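J.: I am attaching a structure below and will ask some questions about it afterwards.
The values are calculated or read from the model by the stated rules, or taken from the named source; none is laboratory data. Small disclaimer: the values here were computed from a predicted structure and weren't measured. Counting neighbours? That spans all protein chains shown, and the Cβs are built from the backbone with ideal geometry, glycine included.
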Amino acid sequence: MSGNLSSSAKKVQETLKGFGVSLEVAELPDSTRTSSEAAAAIGCRVEQIAKSLVFRAKESNFPVLVIASGINRVDEKKLKALIGEPVGKADAEYVRENTGFAIGGVPPVGHKKKIKTYIDEDLFQYETIWAAAGTPHAVFRLNPNELLKITGGMPVSIKK
């Protein structure tokens, strides 16, 4: 399947193989840029979308990745308490510089730099979740424990 993927989606597929998990990246004709678009394109609930949101630590300038349930908004005060400094949303240039991917297609793995990762605990109530795979049309299906394994992320209560 990965032979037909775009270069960014192939990069994610290769990264996934490196974890020893059998997860398949698929590129869809419809946009998966937003959680609601992704859910409609896949045919799942918005809550099952594991959206990757990049924040910028305001003092250290380090990137922080939050993988949140598609319907949840991230509470930046909770994130500040977790990392010990204020955060702000990262702009498109910062996201690409630190992950190698554009907003709307940022996967939970395969980034240019190692990024501290937090996983919304609400995702663990679903048997199947879907994550972006490098482009606004690419996704892959997994379960929350696989997400934990491949990201090394920390499950947290992060929603507003």
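J.: Tell me which of these LYS58 doesn't satisfy, since it passes every other one: (1) buried (at least 17 other Cβ atoms within 10 Å of the Cβ); (2) of a type outside the set (S, T, N, Q); (3) in contact with a Gly (Cβ under 7 Å, 6 or more places away or on another chain).
T.: In the conditions (1) buried (at least 17 other Cβ atoms within 10 Å of the Cβ); (2) of a type outside the set (S, T, N, Q); (3) in contact with a Gly (Cβ under 7 Å, 6 or more places away or on another chain), LYS58 misses (1) alone.
J.: If you go through region 96-117 one residue at a time, how many are on the phi < 0 side of the Ramachandran plot, modelled with pLDDT of 95 or more and over 10 Å from the mean Cα position of the chain (by Cα)?
T.: 8
J.: Quick check, is GLU93 in contact with an Asp or Glu (Cβ under 8 Å, 6 or more places away or on another chain), exposed (fewer than 14 other Cβ atoms within 10 Å of the Cβ) and at pLDDT 95 or above?
T.: No, not satisfied.
J.: Another question about this same structure. How about region 131-153: which of its residues are aliphatic (A, V, I, L, M) and without any contact (Cβ under 8 Å) to a residue 60 or more places away in the chain?
T.: Matches in region 131-153: LEU148 only.
J.: Which one is surrounded by the most Cβ atoms within 10 Å (Cβ to Cβ), of the residues in region 108-132 that are part of a strand (DSSP E or B) and either of a type in the set (Phe, Trp, Tyr) or touching a Phe, Trp or Tyr at 6+ places or on another chain (Cβ under 9 Å) (or both)?
T.: Selected residue: ALA132.
J.: Considering region 52-85 alone, what residues qualify as being in contact (Cβ under 8 Å) with a residue 60 or more places away in the chain and among the acidic types (Asp, Glu)?
T.: ASP75
J.: Now, a different point. Keeping to region 22-31, report how many residues are modelled with pLDDT under 90 and in contact with a strand residue (DSSP E or B) (Cβ under 9 Å, 6 or more places away or on another chain).
T.: 0
J.: Within region 133-159, how many residues turn out to be more than 11 Å from the chain's Cα centre (by Cα), of a type outside the set (Gly, Ala, Ser) and either closer than 19 Å to ASN72 by Cα or not in a loop (DSSP other than H, G, I, E, B) (or both)?
T.: Selection size over region 133-159: 14.
J.: Let me ask something else about it. For region 91-101, what are the residues that are in contact (Cβ under 8 Å) with a residue 40 or more places away in the chain and within 21 Å of GLY70 (Cα to Cα)?
T.: VAL95, THR99, PHE101 - these are the residues of region 91-101 that are in contact (Cβ under 8 Å) with a residue 40 or more places away in the chain and within 21 Å of GLY70 (Cα to Cα).
J.: Then there is this: Of the numbered conditions (1) of a type in the set (A, V, I, L, M, F, W, C); (2) more than 16 Å from PHE140 (Cβ to Cβ); (3) over 15 Å from the mean Cα position of the chain (by Cα), ALA41 satisfies every one except a single condition; which is it?
T.: The one condition ALA41 does not meet is (2).
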